[in-house]
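Below is one structure, written out as structure tokens; comments come after it.
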Amino acid sequence: MVKIRIIPCLDVKDGRVVKGINFLNLIDAGDPVEQAKHYSDNGADEICFLDISASLENRDTMINVVKKTANEVFIPLTVGGGISSIENIQALLKAGADKVSINSAAIKNPYIIKESSEYFGNQCIVVAVDAKKHNNDWFVYSHGGTNKTELYALDWIERVQELGAGEILLTSMDKDGTKSGFDNELLGKVSEFLKIPIIASGGVGALEHFYDGIVKGKADALLAASVFHFNEISIKEVKKYLKNKNINIRD
């Protein structure tokens, strides 16, 4: 049985970690390299960096952050934000990333998923999906949650899997930063047809939310940000709690 992973997510803007609620009202949460090393030293299974203000101007900033982090941290590092080409992916992997996360570029050109997974191996390619519920359906959003698309989230995730993605990073925009728990309804629906790992994101506020994300949401990995950044819950606490609940968790 695959062991559940605990992944702290660091949203990076202009070289600093930030955190908000529903993708808005961002506040500073520290230096990304220091944060990543702290999490690595304290039991994180992976680190996820999302460059939420990715542009040509700050591309070099993020490359430098990745290089510095890779020198300090010896667990898998996933990097996303503004990735739109094979060249972008190559540069980040060369800088020390183990995986890249593609979002808006995949919506614009789905075949970048197929092309990149064939070129680098699908173990390197994570497709991030930002979803928000309207009436009784979830829709996909692009550009850091600012643009609503006409894509139904469940249909899009199924297509992404077919195109060769290695993992799905699924963020509930409705839950992001609310600390009310993962969107287990959405996760549960996705897990019914998904054969690749799903990383649950958005909404953690208590230890039981991690448990529910596994048992109710059927997630393979659990991602959180603010509860870790502001020392409300530690990764060691999460792992101890889940082990006591007989969840197969990494040491």
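Summary of values
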read-out	value
Among (1) open to solvent by 80 Å² or more (accessible area, probe 1.4 Å); (2) under 23 Å from D220 (Cα atoms); (3) at pLDDT 80 or above - the single one M1 does not satisfy	(3)
Given (1) open to solvent by 10 Å² or more (accessible area, probe 1.4 Å); (2) within 17 Å of the chain's Cα centre (by Cα); (3) not charged (D, E, K, R), number of the condition G80 does not satisfy	(1)
In region 200-220, the residues that are within 16 Å of I168 (Cα to Cα) and either surrounded by fewer than 24 Cβ atoms within 10 Å (Cβ to Cβ) or in contact with a helix residue (DSSP H, G or I) (Cβ under 9 Å, 6 or more places away or on another chain) (or both)	A200, G213, I214, G217, K218, A219, D220
Check on L154, of a type in the set (A, V, I, L, M, F, W, C) and under 18 Å from I83 (Cβ atoms)	no
Pair list, Cβ < 6 Å and 6+ apart or interchain, from region 88-107 residues that are within 22 Å of L170 (Cα to Cα) to residues that are surrounded by 23 or more Cβ atoms within 10 Å (Cβ to Cβ) and of a type in the set (D, E)	none
Condition check for K114: open to solvent by 20 Å² or more (accessible area, probe 1.4 Å) and either at pLDDT below 90 or within 18 Å of G177 (Cβ to Cβ) (or both)	no
Cβ-Cβ under 7 Å pairs, at least 6 apart or on other chains, region 211-224 side closer than 14 Å to K239 by Cα and aliphatic (A, V, I, L, M), far side open to solvent by 20 Å² or more (accessible area, probe 1.4 Å) and part of a loop (DSSP other than H, G, I, E, B)	I214/I247; A221/P197
Enumeration of residues in region 133-147 that are among the hydroxyl-bearing types (S, T, Y) and open to solvent by less than 50 Å² (accessible area, probe 1.4 Å)	Y141, S142
Test: residue in region 182-199 that is farther than 25 Å from I47 by Cβ, in contact (Cβ under 8 Å) with a residue 40 or more places away in the chain and of a type in the set (A, V, I, L, M, F, W, C)	no
All positions within region 83-131 that are within 24 Å of V190 (Cα to Cα) and assigned to a loop (DSSP other than H, G, I, E, B)	N103, N109, P110, G121
Strands (runs of 3 or more DSSP E) contained entirely in region 132-242, each with at least 1 residues that are touching a Phe, Trp or Tyr at 6+ places or on another chain (Cβ under 9 Å), more than 20 Å from L10 (Cβ to Cβ) and at pLDDT 95 or above	137-142, 147-152
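Each row is one residue, and each column tells you yes or no for (1) in contact with a His (Cβ under 9 Å, 6 or more places away or on another chain); (2) open to solvent by 10 Å² or more (accessible area, probe 1.4 Å); (3) at pLDDT below 90.
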| site | (1), (2), (3) |
| --- | --- |
| G30 | yes, yes, yes |
| V33 | no, yes, no |
| N42 | no, yes, no |
| L50 | no, yes, yes |
| S53 | no, yes, yes |
| L56 | no, yes, yes |
| I75 | no, yes, no |
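The values are calculated or read from the model by the stated rules, or taken from the named source; none is laboratory data. In this text, all values refer to a predicted model and were calculated from it rather than measured experimentally. Positions of Cβ are backbone-derived with ideal geometry, glycine not excepted, and every protein chain shown enters the neighbour counts. All accessible areas refer to the heavy atoms of the entire protein, side chains included, with ligands and DNA or RNA removed. Shrake-Rupley method; radii C 1.70, N 1.55, O 1.52, S 1.80 Å.
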